[in-house]
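Before any comments, here is the structure.
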Amino acid sequence: MAYQRSERMEKRLAGNRAAILSAARRLIASGGYRNAPVTAVAAEAGVSTGLIYRHFQSKAELFVEVLSAAVAYELEILSAIADEALPAPQRLQRAVASFVRRALAGPSLAYAFIAEPVDPQVDAERIRCRRLFGDVFRRILADGVAAGELPPQDLDISAACIVGAFTEALVGPTAPSRDGLRDGEQLVEAVCALCLRAAGLPAAR
């Protein structure tokens, strides 16, 4: 007879996994991936390092899951903005601004997810996640073109460039040195203006 875990055991395992993920996210948020070695995650979660490796084959796999969960949260917010009953340019501006503001509010986490040197497995997940962001912005741009609010354009390229623009603009301000950090709202306005121009809107006077 095959061994079957009890419901109580399943809940315990699920609780341990959730605790590990939460601990990893807290450590990354406070100091990036470099602040979250497996030993530190284990101590933060109150489990052994061996238990972590029962749930995750490697540190990179753990980081990928933390990144994926954070991106899923961001996608919910961006998708909600994309679905608002507003002109496409306004939705585009709101989506970019909301992302930039959240990144500035949690710079260590943002830098870890955008630019901190990591394992290739984590970097591959970053690329996948940027494409998911691009899908949301492509939808906004498509609405704008269809409504005559934006000029005809290659939607895939425009969406990819917009995502690349606002993520790259955050690298310096969210890096540990905070290189390039200035007034947060000025940065938000500058990034939004650039993204709107990239979508084909004239520069504001």
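Round to a whole angstrom and tell me the spacing of the C-alpha centers of segment 124-197 and segment 62-90.
Measuring centre to centre over Cα atoms gives 13 Å.
Pairs of alpha-carbon atoms within less than 8 angstrom and 6+ residues apart define the contacts here; what relative contact order does the chain have, in percent? Don't skip to the answer; put the middle values down first.
Working: 207 pairs, mean separation 43.9, N = 205.
In percent, rounded to a whole number, it is 21.
Using DSSP H assignments, which helices in the chain have an axial alpha-carbon span of 27 Å or above and a mean Kyte-Doolittle hydropathy of 0.0 or higher?
Those that clear 27 Å and a mean of 0.0 are 59-82.
Determine the principal axes of the Cα atoms in the chain, then give the extent along each, sorted from largest to smallest and rounded to whole angstroms.
Computed over the Cα atoms, the extents are 67, 45, 27 Å.
Please list Tyr73, Tyr33, Tyr111 in order of solvent-accessible area, largest first, computed with a 1.4 Å probe with all protein chains present.
Tyr73, Tyr111, Tyr33
Tell me, what is the percent relative contact order of segment 153-203, built from C-alpha pairs under 8 Å that lie six or more residues apart?
Over segment 153-203, the number comes to 38 percent.
Rank Arg34, Arg94 by accessible area, highest first, at a 1.4 Å probe radius?
Working: Arg34 145, Arg94 90 Å².
Heavy-atom accessible area, descending, gives Arg34, Arg94.
What's the extension gain from Asp135 to Glu189 if we count 0.36 nm per residue and subtract their Cα-Cα distance? Walk me through the intermediate numbers first.
Numbers: separation 54, 0.36 × 54 = 19.44 nm, distance 2.28 nm.
Extending this stretch completely gives an extra 17.2 nm.
Using only helices, what value at 222 nm comes out for the chain when you add -39,500 (n - 2.57) per DSSP H run of length 4 or more and divide by the total residues, to the nearest 500 deg cm²/dmol?
Computed ellipticity for the chain at 222 nm equals -24000 deg cm²/dmol.
If the only charges are +1 at each Lys and Arg Cβ and -1 at each Asp and Glu Cβ, what is the size of the charge dipole of the chain around the Cα centre, to the nearest 20 debye?
Charge dipole, the chain, about its Cα centre: 580 debye, nearest 20.
Peptides 76-82, 41-47: what's the order by average Cβ count within 10 Å, highest mean first? Let's see the in-between values first.
On the way: 76-82: 16.1, 41-47: 18.4.
The most tightly packed comes first, giving 41-47, 76-82.
The values are calculated or read from the model by the stated rules, or taken from the named source; none is laboratory data. All values derive from a computational prediction rather than experimental measurement. All Cβ positions, glycine included, derive from the backbone under ideal geometry; neighbour counts span all protein chains shown. In case anyone asks, the SASA skips ligands and DNA or RNA and just uses the protein heavy atoms, side chains included. Shrake-Rupley method; radii C 1.70, N 1.55, O 1.52, S 1.80 Å.
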